[in-house]
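**Q** Structure incoming, see below.
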Number of protein chains: 2
Amino acid sequence: MHIVITGGAGFLGVRLARALLARATLALAGDAPRPLTRLTLVDRIAPPAALAQDPRVHVVTGDLDELLVPDTSGHARAMPPDADAVVHLAAAVSGECEADFDLGLRANLDATRALLLACRALGTRPVFVFSSSLAVFGHTPEQPMPPIIEDDTLPTPQNSYGTQKFMCELLVADGTRKGFVRGRNVRLMTVSVRPGRPNAAASSFLSGIVREPLAGERATCPVPPDTKVALSSPARTIEGLIRALEASDADWGPRSALNLPALSTTAGEMVAALARVAGPEVAARVDWVPDASIARIVGAWPAGMNARRAARLGLHADASYDDIIRAYLRENPVPPAVPAQP
Amino acid sequence: MHIVITGGAGFLGVRLARALLARATLALAGDAPRPLTRLTLVDRIAPPAALAQDPRVHVVTGDLDELLVPDTSGHARAMPPDADAVVHLAAAVSGECEADFDLGLRANLDATRALLLACRALGTRPVFVFSSSLAVFGHTPEQPMPPIIEDDTLPTPQNSYGTQKFMCELLVADGTRKGFVRGRNVRLMTVSVRPGRPNAAASSFLSGIVREPLAGERATCPVPPDTKVALSSPARTIEGLIRALEASDADWGPRSALNLPALSTTAGEMVAALARVAGPEVAARVDWVPDASIARIVGAWPAGMNARRAARLGLHADASYDDIIRAYLRENPVPPAVPAQP
């Protein structure tokens with residue numbers, strides 16, 4: 001079995017790759033379990049060397065749009081002819097898309113379209129997991145959003161990233177109906193705690209306000225403490241993506257998107273959890289400095305999900321943000337200078 | 001005031017052009033009423049000569065995508081620098097989009113995107129009326145649709161045309177949020193009775209089963225008599241488009257699409273109305289010959305609309321299909337050889 005991951009050198013891509021490689025077999029779309037024999041990681045940058053050294057891993061680096069241009073034999077470098085499944089994680093993030101409308105359309109809408117058409121060219125109807133986002137939902141005073149989102153709640157995106165993700169969902173659903181792919185539209189929640197450095201996502205601080213204080217650095221929270229957020233740990237998020245790969249068409253259900261489960265909390269509760277898990281002196285490293293632009297984007301996102309379809313697939317939200325921090329600490333031990341309180 | 005109509009030589013475009021030219025003034029987006037001084041009709045074909053001869057009418061013929069490529073001065077032929085509003089009617093129809101996926105993406109999604117970006121280039125935030133369609137809604141056994149559609153019902157399109165229309169709605173909404181245009185997403189119902197000849201729309205027969213028998217010709221109804229349909233007369237449809245041009249931002253409401261009102265009826269009731277209005281011998285010219293492909297597309301469309309937003313704007317459905325046929329006969333008198341019964 002050959003799986004392609006776009007954005008395969010990113011945080012979720014690498015984590016998904018490791019999880020897939022660790023599995024003895026995968027039951028793709030409910031088919032008979034088979035071992036993963038090849039994993040192609042497509043990204044602008046190379047994945048960690050340890051991952052690239054796995055004999056099953058094939059690395060393709062470059063811009064996705066260029067890698068999807070067919071060569072003279074009709075094949076695109078990012079889409080191997082024997083691909084059984086694609087997990088499409090590559091995207092421009094929300095902050096980038098809000099700053100540059102055209103970039104967002106190219107990197108999100110056009111790239112997803114090109115990937116779908118490359119799958120069509122295979123003629124083998126590969127499984128196509130599209131990572132959409134809770135950012136498809138948006139709230140404004142003129143167009144209020146229900147406090148709890150259902151799978152069939154009408155998305156009314158309030159940022160370009162969410163708009164593009166929703167447009168891609170529709171395209172993948174239509175490509176599924178047309179028999180180009182077996183599409184799985186999965187809406188990811190805000191993933192927290194992401195390791196590494198801040199990025200241009202408007203939600204970046206929702207990892208930073210925990211990660212940086214744990215590393216002994218100050219961090220800025222740009223939204224008020226009572227800002228409601230819908231989060232998922234990296235582990236739960238990867239679990240959702242793998243379930244999307246493995247669910248049969250019948251179990252998966254409609255071609256419209258499935259909302260992954262979310263832990264509903266607030267920025268203030270997150271920092272309170274940090275105080276409980278790591279100590280008040282760690283939590284005191286968070287500076288509350290409002291940023292109207294970020295607050296507008298994040299404040300328009302949903303606060304809670306009634307993820308019924310996900311629950312039927314056995315997917316559930318993290319139990320508490322305290323647990324999420326503890327899991328992060330297990331995977332990213334704090335240096336001795338800044339001891340975590342167990 | 002300068003208004004651009006794409007698809008301006010089509011049935012609705014010509015009718016809208018005539019209605020606008022007949023008005024003394026227009027209150028564009030609730031602004032102070034002004035006379036229409038220029039009307040640019042963009043289409044692949046020329047409009048009727050009588051319309052083109054109006055000194056206010058400017059005709060631009062060619063493919064929309066080519067007419068939207070800016071020249072060396074940065075202007076696109078289809079988008080005059082002084083345009084105050086655009087009504088975007090040009091589209092590939094449902095049958096074409098279902099037969100040719102790539103054509104549909106180009107003619108519907110790409111053209112709408114190019115038109116939106118041409119409006120952005122003006123820097124004047126023109127009113128942008130996008131003609132979407134009830135085809136954004138779709139029903140399947142796996143994904144049932146409520147029998148009555150609300151303005152906030154989640155569209156789950158079951159054909160490529162509806163998918164592309166819904167994607168365009170989202171793009172226009174985001175362009176409105178970004179301040180490129182003052183967008184008005186309007187979902188048109190199936191327009192009946194269209195004069196002229198059949199076209200490649202899956203819904204074409206919903207005019208043909210009345211128009212052809214009235215002209216003394218036989219017509220084929222490709223769906224069972226109990227197939228539910230949501231219709232609007234040409235007059236009510238044009239009324240909706242003009243209301244979209246004139247409504248203030250506040251009266252128009254959210255950037256998401258507004259469903260126009262629909263007369264809910266069935267194919268069988270339509271032919272029964274034809275018998276009442278024009279006589280049983282006219283209605284007997286309808287042959288019921290099922291076509292699975294058309295029945296699948298049309299049967300998945302909604303049967304009824306609770307068009308609350310439209311009602312608040314003073315828009316209402318036609319009272320009966322009998323009335324629609326009578327209005328068609330007034331505008332398209334039947335030749336003496338095939339007398340209509342009054």
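We did not get these values from a lab; they are worked out from the coordinates using the rules stated. These numbers come from a predicted model, not from an experiment. Backbone-built Cβ (ideal geometry, glycine too); neighbour counts: all protein chains shown.
**Q** Hey, with R₀ at 45 Å, roughly what FRET efficiency would residue A:275 and residue B:327 work out to, going by the Cβ-Cβ distance, to 0.05?
**A** Calculated value: 0.05.
**Q** What average number of partner chain Cβ atoms lie no more than 10 Å from the Cβ of the residues making up A:156-169?
**A** Counting other chains' Cβ atoms within 10 Å and averaging over A:156-169 gives 4.
**Q** If the convex hull of the alpha-carbon atoms of region A:202-342 is projected onto planes in all directions, what is the mean projected area in square nanometres?
**A** 8.9
**Q** From the phi of every residue in region A:162-168, what ³J(HN,Hα) in whole Hz does the Karplus formula 6.51 cos²θ - 1.76 cosθ + 1.60 yield, where θ is phi - 60° and glycine or proline is x?
**A** Values per residue, Gly and Pro as x: x, 4, 5, 4, 5, 4, 5 Hz.
**Q** Put the label 7 Å from Cα along Cα→Cβ for residue A:53; what are its distances to the other copies, in nanometres, shortest first?
**A** Computed spacing set for this position: 8.4 nm.
**Q** Which value, in debye to the nearest 20, describes the size of the charge dipole of chain B about its Cα centre when Lys and Arg Cβ atoms bear +1, Asp and Glu Cβ atoms bear -1, and nothing else is charged?
**A** It works out to roughly 780 debye.
**Q** A further question follows. Grab the DSSP H runs of chain B that are 4 residues or longer, score each as -39,500 (n - 2.57), total them, divide by all residues and round the 222 nm result to the nearest 500 deg cm²/dmol.
**A** -10000 deg cm²/dmol
**Q** Further question on the same structure: Provide the percentage of antiparallel DSSP beta bridges, counting only those with both residues in chain A; round to the nearest 5.
**A** Just about 15 percent of them are antiparallel.
**Q** Distances from residue A:72 to the same residue in each other copy, label points 7 Å out along Cα→Cβ, in nm, shortest first?
**A** 3.7
**Q** Using modelled amide H (1.01 Å from N, peptide plane; none on Pro or chain starts), what sits under 5 Å from the amide H of residue A:221, excluding residues fewer than 5 places away?
**A** A:287, A:288, A:289
**Q** Restricting to the protein assembly as shown, compute how many DSSP beta bridges are antiparallel as a %, nearest 5.
**A** Of all bridge pairs located within the protein assembly as shown, approximately 15 percent are antiparallel.
**Q** Could you work out how far helix B:205-214 tilts from the main Cα principal axis of chain B, as a 0 to 90 degree angle to the nearest 10?
**A** Long axis of B:205-214 versus the principal axis of chain B: about 60 degrees.
**Q** While we're here: Once amide H atoms are built 1.01 Å from N in the peptide plane, which residues 5 or more positions from residue A:149, or in another chain, come under 5 Å H to H?
**A** So residue A:149 has HN proximity to A:304, A:305, A:306.
**Q** Right, next: Simple spin-label model, 7 Å along Cα-to-Cβ: residue B:251 to residue A:142 in nm?
**A** Calculated label separation equals 1.5 nm.
**Q** As a test of the definition: which semi-axes, in Å, follow for region A:195-246 when you take the square root of five times each eigenvalue of its alpha carbon gyration tensor? Largest first, please.
**A** Square roots of five times the eigenvalues give 25, 14, 10 Å.
**Q** Name the residue, out of A:250, A:303, A:327, whose mean-square fluctuation peaks in a Gaussian network model built on chain A with Cα pairs under 10 Å.
**A** A:250
**Q** OK, next. What does the convex hull of the alpha-carbon atoms of chain A project to on average, in nm²?
**A** 16.8
**Q** How much length would be gained if the chain were fully extended between residue A:291 and residue A:18, taking 0.36 nm per residue of separation minus their Cα-Cα distance, in nm to one decimal?
**A** Contour length minus the Cα-Cα distance gives 94.7 nm.
**Q** Enter the angle in degrees (range 0 to 90, nearest 10) between the Cα long axis of helix A:111-122 and the first principal axis of the Cα atoms of chain A, meaning the one along which they spread out most.
**A** 30
**Q** Return the subset of A:228/B:178; A:178/B:228; A:178/B:178 for which the Cα-Cα distance in this structure is over 29 Å, preserving the input order.
**A** Where the Cα-Cα span goes over 29 Å, the pairs concerned are A:178/B:178.
**Q** Under a 5 Å amide H to amide H cut-off, with H placed in plane at 1.01 Å, what residues pair with residue B:187 once short-range neighbours are removed?
**A** Those lying under 5 Å, H to H, from residue B:187 are B:132, B:258, B:259, B:260.
**Q** Can you classify the protein assembly as shown as rounded, prolate or oblate using the Cα gyration tensor, where a ≥ b ≥ c are the square roots of its eigenvalues, rounded means a/c under 1.5, and otherwise it's prolate if a/b beats b/c and oblate if not?
**A** prolate
**Q** Express as a percent, rounded to the nearest 5, the fraction of DSSP beta bridges in region A:1-120 (both residues included) that run antiparallel.
**A** 10
**Q** I need the inter-copy label distances for residue B:144: point set 7 Å along Cα to C-beta, values in nm with one decimal, smallest first.
**A** Those separations, rounded to one decimal, come out as 2.9 nm.
**Q** For a label point 7 Å from the Cα of residue A:100 along Cα→C-beta, name the residues of region A:4-20 whose backbone N is under 20 Å from it.
**A** A:7-11
**Q** Which angle between 0 and 90 degrees, to the nearest 10, do you get for helix B:234-246 versus the longest principal axis of chain B when only C-alpha atoms count?
**A** Relative to chain B, helix B:234-246 is tipped by roughly 20 degrees.
**Q** Going by the alpha-carbon gyration tensor, a ≥ b ≥ c the square roots of its eigenvalues, is region B:131-244 rounded (a/c under 1.5) or, if a/c is not under 1.5, prolate (a/b greater than b/c) versus oblate?
**A** Here region B:131-244 falls in the oblate category.
**Q** Something else now. Across the Cα atoms of region A:31-160, what radius of gyration and what greatest pairwise Cα-Cα distance (Dmax) are found, in Å?
**A** According to the Cα coordinates of region A:31-160, Rg and Dmax are 17.6, 54 Å.
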